[in-house]
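Worksheet: the structure to be examined is printed underneath.
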Amino acid sequence: MSPLAADLNIVRACPGHIRAIASRMRAADRQEVFAASGRTPLAALSYSYRKSSCCWTAIFNGRPELMWGVGDINVLTGVGAPWLLGTDAVEQNFRVFLRISSHWPSQLLQRYSVLRNFVDARNTVSVRWLEWLGFRLFDPVDINGHSFRLFEMRATDV
């Protein structure tokens with residue numbers, strides 16, 4: 001385990017975490033949010049935070065490194081859009097990250113019947129992680145001139 005993982009806390013996200021993560025966002029996440037929306041890391045994290053019904057931050061050694069949450073796509077049918085953006089600390093501490101993230105889908109599926117969003121097809125680390133979590137990934141589609149893959153998990157899948 002790397003030194004970054006020595007002290008890990010998961011806390012409810014707050015606006016003060018956004019700038020700290022955005023300023024050091026990993027390259028693949030920066031590319032993905034820009035390709036999908038044209039937003040900067042700061043704008044993407046701010047938007048995702050505001051639109052989320054639930055949002056958390058992982059703090060390694062007192063420093064916010066990762067923020068994730070889920071926004072409501074359709075409240076009536078129980079469809080939520082999970083998202084996650086972070087710094088290079090995620091990959092540097094991948095074993096810890098895998099351990100803490102393994103239960104997220106089942107927790108979110110207690111509130112939502114379907115989790116669905118898109119991932120940049122170039123973001124191979126995120127694609128592999130989503131597959132590892134048990135999400136179904138669909139064939140790439142074009143969004144703003146870039147290939148994205150729809151990923152989905154239903155409560156009936158777990």
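Computed over the chain with a Gaussian network model linking Cα atoms closer than 10 Å, the most mobile of SER52, SER37, SER126 is SER37. Between rounded, prolate and oblate, where does the stretch 4-78 land on the alpha carbon gyration tensor, with a ≥ b ≥ c its root eigenvalues, rounded for a/c under 1.5, else prolate if a/b exceeds b/c? Note, shape of the stretch 4-78 comes out oblate.
Normalising the Debye intensity of the stretch 32-115 to I(0), with uniform scatterers on Cα atoms only, and taking log10 at q = 0.11, 0.18 Å⁻¹ returns -0.32, -0.85. Here the dipole of the chain is about 300 debye; that uses its Cα centre as origin and unit charges on the Cβ of Lys and Arg (positive) and Asp and Glu (negative). Looking at the square roots a ≥ b ≥ c of the eigenvalues of the Cα gyration tensor of the stretch 12-54, which shape do they give, rounded for a/c under 1.5, prolate if a/b is larger than b/c, or oblate? Judged from the Cα gyration tensor, the stretch 12-54 comes out oblate (a/c at least 1.5, b/c at or above a/b). Over the chain, Cα pairs under 8 Å with separation of 6+ residues give a relative contact order of 22 percent.
Per residue, the chain exposes 53 Å² of solvent-accessible protein surface, assessed with a 1.4 angstrom probe and all protein chains in place. Across ALA27, ALA13, ALA89, mean-square fluctuation computed from a Gaussian network of the chain (C-alpha pairs under 10 Å connected) peaks at ALA27. With equal scatterers on the alpha carbons only and no solvent term, can you work out the Debye log10 of I(q)/I(0) for the chain at 0.19 1/Å? After summing over all Cα pairs, the log10 values are -1.32.
The values are calculated or read from the model by the stated rules, or taken from the named source; none is laboratory data. Model, not experiment: these values are computed from the prediction. Cβ coordinates were reconstructed from backbone atoms using ideal geometry, including for glycine residues, and neighbour counts include every protein chain displayed. The area values use the complete protein model at the heavy-atom level, side chains included, leaving out ligands, DNA and RNA. Shrake-Rupley method; radii C 1.70, N 1.55, O 1.52, S 1.80 Å.
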